[in-house]
Amino acid sequence: MTETIVAFLRANAEQLDVDMAEALNIPLAELRQEVARLAASGDVICCRVTRFIDGRKICLLYTSDAADE
């Protein structure tokens, strides 16, 4: 799954966790766990994003490939 996530980010640039999970057909909880491992190893860079959709607070994880270009 690690290679799939990194390849997806390299091909699609920065992504929200919910969008990645949907595109890769990976349960969101599993994706978040794997992204946390990748962030801890320095393979991806993450930041938390808060959006308000229809008055509801939605917390998302914004992820980017950490590879040097």
Which net charge results for the neighbourhood of ILE5, defined as the other residues with beta-carbon distances under 12 angstrom from its beta-carbon, given Lys and Arg at +1 and Asp and Glu at -1? -3
On the first, second and third principal axes, largest extent first, how far apart are the outermost C-alpha atoms of the chain in Å? 37, 23, 21
The ³J(HN,Hα) series, computed from each phi in region 4-9 with the Karplus coefficients 6.51, -1.76 and 1.60 at θ = phi - 60°, rounded to the nearest Hz and given as x for glycine or proline, is 5, 5, 5, 4, 4, 5
Cβ-Cβ FRET estimate between ASN12 and ALA36, R0 fixed at 22 Å, reported to 0.05: 0.65
Quick one: compute the contact order of the chain, relative version, from alpha carbon pairs under 8 angstrom and 6+ residues apart, as a percent. 37
Can you work out the accessible area per residue across the chain, with the rest of the protein chains kept in place, probe 1.4 Å, in square angstrom? 67
Interchain or sequence-distant (5+) residues whose placed amide H lies within less than 5 Å of the amide H of LEU61 are ASP17, VAL18, VAL49
Quickly estimate the mean residue ellipticity at 222 nm for the chain, helices only: each DSSP H run with n ≥ 4 gives -39500 (n - 2.57), and the total goes over all residues, rounded to 500. -14500 deg cm²/dmol
With θ set to phi - 60°, apply the Karplus curve 6.51 cos²θ - 1.76 cosθ + 1.60 along region 44-51 and write out the HN-Hα couplings as whole Hz, x wherever there is a Gly or Pro. 9, 10, 10, 8, 8, 10, 10, 10
Could you work out what % of the accessible surface of the chain is carbon and sulfur, using a 1.4 angstrom probe and leaving DNA, RNA and ligands out of the count? 48
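The values are calculated or read from the model by the stated rules, or taken from the named source; none is laboratory data. As the structure is a prediction and not an experimental result, all values here were calculated from the model. Reconstructed Cβ throughout: ideal geometry from the backbone, glycine too, with neighbour counts over all protein chains shown. Accessible surface is based on the protein model in full, side chains and every heavy atom, while ligands, DNA and RNA are left aside. Shrake-Rupley method; radii C 1.70, N 1.55, O 1.52, S 1.80 Å.
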